[in-house]
Amino acid sequence: MTVALQQVTKRFGNTTVIDALSATFRSGAISVLLGASGCGKTTTLRCIAGLETPDIGRITIAGLDVFRSEGGLSLPPERREIAMVFQSYAIWPHMTVRENVGLPLRARGADAREQAAAVDRALALVGLADFGSRMATQLSGGQQQRVALARSIVRPTRVILLDEPLSNLDAKLRIAMRKELKALQRELGTTMIFVTHDQDEAMSLGDEVFLFHEGRILQQGEPQEVYHRPASRYVAEFFGKTNFVDAVAAPEGDGRLALRTNQGELAVIDAPNGATPGPVVCAIRPEAWRIVEPAGGQGIRGRVRERTFIGDRQELVVETALGPQAVITLGYHAAKAGDEVALVADPQRIHLLPGQADA
Amino acid sequence: MRNSSSALARHLPHLPAVLIVTVTMLLPLAVLIIYGFTSFEDGQRTVSLKPLARVLTDSIYWQALGNTVGISLLATLVATVLGTALGWLFGRTDLPKATLLEQLATLPIFIPPFVGAVAWTLLAAPRIGAFNVGLRNLGLPEVLDIYTPGGMAWVIGIYLAPYVMMMVAGALRSMDPSLEEAARVSGLDGVRTATRITLPLIAPAILSGAVLAFTIAIGLFGTPVVLGWAKQILLLTSRIWIAAQAVPPDYAAMAILAIYLIALSLIANGLQRWLLGGRSFVTVTGKGFRPHAIALGRTRGPCLALVGFYLLLTVAAPLAILIAACLSTYTWSGRFTLGNVAEIAGSADVWDTLKNSIWISVVSASITLVLGLEIAWLANRTKLRGRRLLETLALVPVSVPGIAFGVGVMFLWLHAPIDVYGTAWVIILAFVGRFTAYAIRPIGASLMQVHPELEESARVAGYGWLRTLIHITLPLIRPSIVASWILLFSIFMTELSMVVLLYSANTRTFSVLSFETWSTGIFSVLAGLSILQLLVGASIMLFVRRLFGSRALSNS
Ligand SMILES: Nc1ncnc2c1ncn2[C@@H]1O[C@H](COP(=O)(O)OP(=O)(O)OP(=O)(O)O)[C@@H](O)[C@H]1O
Ligand SMILES: [Mg+2]
């Protein structure tokens with residue numbers, strides 16, 4: 001169910017950790033809060049859970065106020081009808097797996113038979129059907145993570161909050177759990193708010209991504225949208241390597257813009273909404289560059305300075321008069337340091353940012 | 001590693017530790033058992049159950065056993081309830097001035113049990129106790145009587161509460177706060193989270209604290225004698241002392257009673273191990289901030305009052321009453337004098353015994369510390385065979401009640417061919433043997449926190465093991481070294497239960513002098529001596545802390 005924050009501010013002492021934050025997290029979707037360490041993701045999540053009390057603002061879950069600084073309303077966590085998966089999993093070591101998973105039901109006085117059935121169902125969903133009677137401490141990290149997950153889905157809640165639940169797993173398991181988590185969410189249709197600082201995780205998991213920076217949201221949108229149409233340099237760089245090229249946009253007629261650099265024309269693109277002629281910064285992802293023969297007289301000329309072979313692809317640094325450009329090509333492409341090349345940008349994949357490249 | 005180094009050279013670091021552990025710890029206990037299960041007839045020692053049979057068939061010893069168990073259990077209850085409440089307040093709530101109050105609340109540990117007992121005599125003894133005098137003046141009945149099993153348990157318990165408190169507060173602090181938060185999110189309210197999650201999680205710590213309190217309680221000597229003598233409520237420790245005073249001393253009874261105490265301690269520790277089954281729920285996560293303190297809200301006032309009341313009962317009132325008594329012509333005459341102070345200051349006996357106490361304590365604490373350091377280092381930092389066994393053996397005496405251990409030391413040196421008995425060395429050997437564990441544990445714990453790679457990188461950089469130890473390891477664990485030395489010193493300065501069996505005319509310590517003064521019944525002088533003892537202990541502690549403890553390197 002929809003979770004909404006309005007002008008929420010949280011300070012610890014003198015430092016403002018969340019700064020007048022407003023956001024709406026869609027019902028039935030996975031919203032991912034993404035950002036560098038210390039930007040306030042966990043704090044935001046804990047404010048929604050009721051584990052922290054914001055200084056000002058309003059938080060609603062499913063249209064009901066759970067926090068409102070005006071009037072001093074703040075529901076305790078146990079009355080917000082939510083579930084949460086903690087980064088440390090928070091598996092109670094003095095209980096068995098079943099007791100851990102069943103506690104949200106016991107806390108609300110569900111009857112024993114119902115409880116047993118719900119616990120069985122939850123354990124089966126996370127693939128721990130046979131582990132119910134184990135002590136929680138006799139589980140591997142990945143299994144503990146599943147117990148925490150089972151505990152969060154054992155009863156229907158308005159929203160499940162997850163704070164970097166996969167960060168303690170090894171890389172392979174992390175990717176597998178990512179898929180399972182998404183499948184589980186699709187099956188149950190629950191609203192999930194998921195915190196991570198891993199952009200791959202955010203991209204592959206999120207229906208919507210919220211990029212945090214110093215207690216504010218810089219940009220929100222579908223992963224592709226945020227990746228391909230970053231609102232600022234910071235956002236563009238957060239999602240991986242990006243080349244920034246200064247250019248002047250000149251109208252070409254029929255709604256097209258020519259992007260001219262001091263080394264010649266870069267591309268002619270369909271003018272995006274609101275684009276005006278004048279100086280622009282072109283954000284070009286490394287994979288948007290194509291290498292062509294310099295003899296053709298096409299593209300920006302340059303010389304390959306470095307080449308890192310990855311396997312399925314290779315990363316090149318091409319020295320040009322516009323500065324060094326990061327280029328990703330397929331692994332079998334023959335290129336070596338010192339080669340003279342020319343770079344051509346895919347017009348579809350040039351994204352214009354306002355202002356100057358070095359701003 | 002070169003293979004040419006001989007077996008002897010490789011085991012060289014072991015040897016002093018092995019030797020001292022054997023002589024100061026294992027032999028006294030062995031001799032104690034021998035005295036308990038043999039008898040000496042016709043110039044020959046033979047295996048015999050006579051001593052045991054004699055003690056088992058004498059009702060006074062059954063009574064002493066009953067008193068010890070009953071009073072110690074009651075005292076443990078007092079200590080556990082108080083200690084858990086205090087530990088929770090300090091470790092988990094937003095009690096104001098918690099850091100300061102917590103430090104104050106550990107002070108009772110540093111008040112010698114004997115001094116506490118003397119103060120409580122002055123506070124709550126029938127007729128002379130200040131509370132009772134007050135009640136009498138108000139025309140009320142004098143209800144307090146500290147000379148009862150309940151009174152004894154109360155005094156013992158309130159002074160043992162800090163041990164439970166420290167364990168509970170420690171467990172609460174190292175608990176992963178998200179365990180409680182997860183319970184709240186799952187639908188438990190604050191109270192049910194406390195009872196269903198927090199309490200079970202810290203139960204092992206509470207249990208350890210209770211068992212520790214019990215093992216200390218059964219071995220106490222000063223408190224039960226001072227408070228129990230008037231009505232002849234005698235405990236095992238009092239009986240051991242009485243047997244030692246008999247002419248000739250009743251060695252057989254001493255040995256069996258000491259073995260009783262050891263058995264009680266073993267039972268308590270065994271019970272703890274059985275209940276816990278090796279479980280410890282303390283879950284340390286490297287991540288995150290201090291768990292959110294629980295807001296006390298309107299109960300803040302009463303909670304503060306509880307802490308204040310505790311400090312009043314254990315520290316403030318006893319100190320005040322000792323000072324008042326010391327300045328009175330005789331107890332509660334209402335007339336004041338500096339005569340007692342002058343008498344104490346002018347007494348050669350006071351200064352001689354004080355000197356003895358100080359040098360014996362300094363030497364013992366230093367030897368104990370070096371031995372503890374060596375054993376902890378061997379156990380944690382070498383691969384020598386038998387290092388863990390050595391550590392385990394060295395930890396045994398700490399669960400042997402002091403007076404029982406003292407009996408073993410006494411038997412060992414009584415008939416030894418070298419002259420140790422009657423000199424200060426017998427006291428020093430007893431201290432070292434009984435208390436090395438107090439150095440091994442904290443030093444071992446902080447050694448474990450120093451990552452071996454810190455030392456290994458020094459070795460790689462070219463330091464030998466000794467220079468690595470001196471320049472890297474010791475500075476890193478210095479806080480625990482200083483803290484251990486101070487703790488040992490303050491224990492030794494006031495130790496009575498072993499000294500009372502081992503002292504001689506030349507090696508009377510200050511605590512012995514106080515004890516003798518108590519038996520003469522001159523309370524004003526006794527109060528003065530108690531204050532002096534506290535002052536000397538406190539000033540040496542401060543001095544050492546200032547000298548060595550200023551820079552804390554570890555994040556403890
Ligand atoms: N209880 C607290 N007291 C003081 N400061 C805090 C507290 N909790 C968080 N902070 C500060 O608030 C800021 C945001 O912390 P938060 O845990 O929300 O970051 P995060 O985005 O989750 O980072 P990470 O990715 O490292 O988990 C940090 O600068 C942190 O130091
Ligand atoms: Mg975080």
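Residues of the range A:101-129 with an amide N closer than 18 Å to a point placed 7 Å from the Cα of A:Glu180 along the Cα-to-Cβ direction: A:101-102, A:119-129.
Spatial offset of the range B:75-99 relative to the range A:125-141 amounts to 36 Å, using the alpha carbon center of each. For chain B, the alpha carbon positions stretch 75, 74, 49 Å along the principal axes, listed from largest to smallest. Counting only protein heavy atoms, what percent of the accessible surface of chain B is carbon or sulfur at a 1.4 Å probe? Carbon and sulfur together cover 68 percent of it.
Summed for both chains, how many Å² of accessible area, to the nearest 100, are buried between B and A with a 1.4 Å probe? Show your work: numbers first, answer last.
Values: alone 26360 and 17060 Å², together 41490 Å².
Buried area between the two chains comes out at roughly 1900 Å².
Per-residue mean of foreign Cβ neighbours for B:186-196 is 6 (Cβ atoms of other chains, 10 Å radius). Beyond 31 Å in Cα-Cα separation lie the following of the pairs A:Lys41/A:Lys336; A:Lys41/A:Lys241; B:Lys50/B:Lys355; A:Lys182/A:Lys241; A:Lys179/A:Lys241: A:Lys41/A:Lys336; B:Lys50/B:Lys355.
Spacing of the modelled spin labels on B:Gln245 and B:Asp352, each 7 Å from Cα toward Cβ, amounts to 2.2 nm.
For the range B:393-487, the share of alpha carbon pairs falling in successive 5 Å distance bins from zero is 2, 12, 17, 15, 13, 12, 10, 9, 6, 3, 0 percent.
Looking at the range A:74-190, the pairs of alpha carbons with a distance over 20 Å make up 38% of the total. Here the range B:520-546 is scanned for amide nitrogen atoms under 19 Å from the site 7 Å beyond the Cα of B:Ala342 along Cα-to-Cβ, giving B:523-529.
For chain B, what are the DSSP H helices with axial Cα length of 20 Å or more and mean Kyte-Doolittle hydropathy of at least 0.0?
Numbers: long enough: B:59-92 (48 Å, 1.09); B:149-174 (37 Å, 1.17); B:199-219 (30 Å, 2.08); B:251-276 (38 Å, 1.58); B:348-381 (48 Å, 0.81); B:424-449 (37 Å, 1.23); B:478-494 (25 Å, 1.44); B:523-548 (37 Å, 1.78).
Those that clear 20 Å and a mean of 0.0 are B:59-92, B:149-174, B:199-219, B:251-276, B:348-381, B:424-449, B:478-494, B:523-548.
Under conditions of 4 °C and 1.567 mPa s, the range B:323-401 yields 77 µm² s⁻¹ as its translational diffusion coefficient, taking Rh as the Kirkwood radius over Cα pairs in the Stokes-Einstein equation.
Where does helix A:141-153 land angle-wise versus the long Cα axis of chain A, in degrees 0 to 90, nearest 10? Compared with the principal axis, the helix lies near 70 degrees.
If each DSSP helix of 4+ residues adds -39,500 (n - 2.57) and the sum is divided by the residues in chain B, what number results at 222 nm, nearest 500 deg cm²/dmol? Provide the component values of the computation, followed by the final result.
Working: 29 runs with 382 residues, N = 556.
Value at 222 nm, helices only: -22000 deg cm²/dmol.
The modelled label-to-label distance between B:Leu19 and B:Gln103, using points 7 Å beyond Cα along the C-beta direction, is 4.2 nm. Note on the range A:1-42: with neighbouring protein chains present and a 1.4 Å probe, carbon and sulfur make up 47 percent of its accessible heavy-atom surface.
Provide the FRET efficiency to the nearest 0.05 for the A:Thr24-A:Asp198 pair, computing r from the beta carbons and using R0 = 25 Å. It comes to 0.60.
Note on chain A: Cα-Cα pairs beyond 32 Å make up 46% of the total pair count. The ratio of the alpha-carbon radius of gyration of the range B:201-254 to the globular-protein estimate 2.2 N^0.38 Å is 1.53.
When the inverse distances between all different Cα atoms of the range B:18-72 are averaged and flipped, the Kirkwood radius reads 13.4 angstrom. Within the accessible area of the range A:166-275, the carbon and sulfur atoms contribute 46%, probe 1.4 Å, all protein chains present. Across chain A, C-alpha contacts under 8 Å between residues 6 or more apart give a mean separation that, scaled by the residue count, equals a relative contact order of 15 percent.
The range A:135-264 has equivalent-ellipsoid semi-axes of 40, 16, 12 Å, by the square roots of 5 times the alpha carbon gyration tensor eigenvalues, sorted largest first. Seen from all directions on average, the range A:24-114 presents a Cα convex hull projection of 8.1 nm².
In plain terms, if you count all Cα to Cα distances in the protein assembly as shown and split them into 10 Å steps from zero, the share in each step is 2, 10, 15, 17, 15, 14, 11, 7, 5, 3, 2, 0, 0 percent. Oblate is the label for the range A:311-355. Its Cα gyration tensor axes, ordered a ≥ b ≥ c, give a/c of at least 1.5 and b/c at or above a/b. Calculated accessible area for the range B:473-550 comes out at 37 Å² per residue, all protein chains present (probe 1.4 Å; ligands, DNA, RNA ignored). Judged by the mean number of other Cβ atoms found within 10 Å, the most tightly packed of the peptides B:335-346, A:309-320 leads the ranking A:309-320, B:335-346.
Between the DSSP loop rule and a limit of at most 12 other Cβ atoms within 10 Å, which GluC sites (Glu not before Pro) in the range A:260-314 are left?
On the way: sites: A:Glu265, A:Glu287, A:Glu306; in loops: none.
Listed in order of number, the matching sites amount to none.
Ordering of B:236-243, B:30-37, B:449-456 by packing is B:236-243, B:30-37, B:449-456, highest average first (other Cβ atoms within 10 Å, averaged per residue).
Among B:111-119, B:404-412, what's the highest-first ranking by average C-beta atoms within 10 angstrom per residue? If you can, show how the numbers build up before the last one.
Working: B:111-119: 24.8, B:404-412: 28.8.
Result, highest mean Cβ count within 10 Å first: B:404-412, B:111-119.
From the Cα gyration tensor of the range B:298-357, with a ≥ b ≥ c the square roots of its eigenvalues, which class applies: rounded if a/c is under 1.5, or else prolate if a/b is larger than b/c, or else oblate? Can you show the working numbers first?
Details: a/c = 5.87, a/b = 2.02, b/c = 2.91.
In terms of gyration-tensor shape, oblate.
Counting other Cβ atoms within 10 Å, which GluC sites (Glu not before Pro) in the range A:127-226 have at most 15 and lie in a DSSP loop?
Working: sites: A:Glu180, A:Glu187, A:Glu201, A:Glu208, A:Glu214, A:Glu225; in loops: A:Glu214.
Here the GluC sites (Glu not before Pro) that fit, given the DSSP loop and packing criteria, are A:Glu214.
Dividing the Cα radius of gyration of the range B:60-102 by its Kirkwood radius returns 1.32 for Rg/Rh.
Projected onto planes of every orientation and averaged, the convex hull of the alpha-carbon atoms in the range B:9-154 covers 17.9 nm².
In the full protein context, the range A:167-253 carries 47 Å² of accessible surface per residue, based on a 1.4 Å probe and ignoring ligands, DNA and RNA.
Axis of helix A:171-188 versus longest Cα principal axis of chain A: the two differ by about 70°, to the nearest ten degrees.
For the range A:286-343, the equivalent ellipsoid derived from the Cα gyration tensor has semi-axes of 17, 11, 10 Å, listed largest first. The calculated 222 nm mean residue ellipticity attributable to helices in chain A amounts to -7000 deg cm²/dmol, summing -39500 (n - 2.57) over DSSP H runs of n ≥ 4 and dividing by all residues. Note on A:Ser133 and B:Ile323: with the Förster distance fixed at 56 Å, the Cβ-Cβ geometry gives a FRET efficiency of about 0.35. Legend: mean number of C-beta atoms from other chains within 10 angstrom of residue C-beta atoms, peptide B:171-180, equals 3. In a DSSP loop and with at most 11 other Cβ atoms within 10 Å, there are no trypsin sites (Lys or Arg not before Pro) in the range B:141-202.
Per-residue mean of foreign Cβ neighbours for A:150-163 is 1 (Cβ atoms of other chains, 10 Å radius). One way to sum up the overall shape of the range B:193-283 is the equivalent ellipsoid from its Cα gyration tensor, whose semi-axes run 36, 15, 7 Å, largest first. Using the alpha-carbon positions of the range B:492-546, Rg (one decimal) and Dmax (whole number) come out as 12.4, 39 Å.
Site pair B:Glu453 and A:Glu252 shows an inter-label distance of 5.5 nm when each label is modelled 7 Å from Cα along Cα→Cβ.
The values are calculated or read from the model by the stated rules, or taken from the named source; none is laboratory data. Everything quoted here is computed from the prediction, not taken from an experiment. In this analysis, Cβ positions are derived from the backbone assuming ideal geometry, glycine residues included, and neighbour counts consider all displayed protein chains. These area figures cover heavy atoms from the full protein model, side chains too; ligands, DNA and RNA do not enter into them. Shrake-Rupley method; radii C 1.70, N 1.55, O 1.52, S 1.80 Å.
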